[in-house]
Amino acid sequence: MRFVAPAREAIDANALARPPLSQWHEYAELLRGDWPSVAALNAYSRDAAIRFVAQTPELLADGLHYEQRIFERGAIATRERNWHDLLNALVWLRYPKLKRALNARQVGEIEKVGPKHRTRAQCALTHFDEAGVIVAVRDPALLALWDAHDWHGLFWRERAAWSDGRIEASIFGHALLEHALRPAQMLTGKALVVLLPQNAFVENARDVAVAIKDGQALNDPQELRPLPLSGVPGWHADNEGEGFYREAPCFMSLRAGRSYPVPLQSRDLRMRI
């Protein structure tokens with residue numbers, strides 16, 4: 001069933017007060033109150049090479065693919081009074097280099113097969129754009145739990161890991177943010193993992209942008225790890241009890257034969273910047 005976002009005036013205050021939307025507090029003015037104009041979105045931008053433009057019939061008459069228009073003209077077609085496009089704009093504002101890397105790869109794939117066909121890489125790029133999560137991991141033991149879909153272990157037995165820095169999740173996908181507008185919604189992201197040394201700090205979005213731009217990541221949808229974000233402590237109202245991790249429908253068992261690629265290595269990526 002197609003997801004329908006709530007009307008702006010009907011947004012539950014809890015949706016904006018709980019992660020992941022609470023993590024976008026610097027854009028609170030754009031999320032609350034009246035719908036922001038395209039001009040208001042542009043006022044927040046730090047990237048002079050791109051701009052948000054109203055999606056009108058006149059704009060679409062140029063015949064360009066959405067991605068090509070961004071790549072060639074720096075114009076991001078944006079439907080006004082639309083949650084999906086507003087949240088996409090917020091991701092552009094926070095992660096412009098990562099968005100640019102996705103856009104460049106998409107245009108490269110379009111040049112290979114044309115605008116009416118899709119490659120495996122395009123599917124991976126789109127999945128990450130819509131539902132992506134960047135996960136920084138400093139404790140490899142947590143990856144073993146994740147690999148086995150041991151959700152009880154990852155989220156309950158290792159509950160402290162989500163607050164002590166051993167694992168951190170940052171939402172990138174704008175469709176995930178849109179789904180979070182309904183607090184009861186079960187959220188599952190498609191994750192790229194960056195493995196960090198203990199006590200290391202790194203700009204994960206920058207590292208992932210380098211990997212995507214260079215073709216190290218997102219060549220196939222199977223590279224993406226499912227992560228039931230509703231299990232992250234504090235991200236869903238019901239996850240304070242252990243039973244949630246045994247009963248909630250978002251916690252799927254590992255499919256026979258399914259395995260995941262090794263995570264991105266941050267130190268290797270940093271040397272290439």
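The values are calculated or read from the model by the stated rules, or taken from the named source; none is laboratory data. What you see is a predicted model, and the numbers here were worked out from it, not measured in a lab. Positions of Cβ are generated from backbone atoms using ideal geometry, with glycine treated the same way; all protein chains shown enter the neighbour counts.
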When both residues are 6+ apart or on different chains and their Cβ atoms are under 6 Å apart, which pairs have a first residue that lies in region 44-71 and is within 28 Å of Glu26 (Cβ to Cβ), and a second that is of a type in the set (D, E, K, R)? Ala54/Glu80; Gln55/Arg79
Would you be able to tell me the number of residues in region 136-149 that are in contact with a helix residue (DSSP H, G or I) (Cβ under 8 Å, 6 or more places away or on another chain) and either small (Gly, Ala, Ser) or closer than 16 Å to Ala191 by Cα (or both)? 5
Search result, residues across region 126-151 that are surrounded by fewer than 17 Cβ atoms within 10 Å (Cβ to Cβ) and small (Gly, Ala, Ser): Ala141, Ala144, Ala148
Scanning region 110-125 for residues that are crowded, with 18+ Cβ neighbours inside 10 Å and within 23 Å of Thr78 (Cβ to Cβ), the one nearest to the chain's Cα centre (by Cα) turns out to be Leu125
Closer than 21 Å to Arg105 by Cα and assigned to a helix (DSSP H, G or I): does that describe Phe52? no
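Conditions (1) outside any loop (DSSP other than H, G, I, E, B); (2) surrounded by 14 or more Cβ atoms within 10 Å (Cβ to Cβ); (3) in the same structural domain as Glu178 (by TED's automatic domain parsing), marked per residue:
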site: Ala39; (1), (2), (3): yes, no, no
site: Ala43; (1), (2), (3): yes, no, no
site: Asp62; (1), (2), (3): no, no, no
site: Glu72; (1), (2), (3): yes, no, no
site: Glu80; (1), (2), (3): no, yes, no
site: Leu87; (1), (2), (3): yes, yes, no
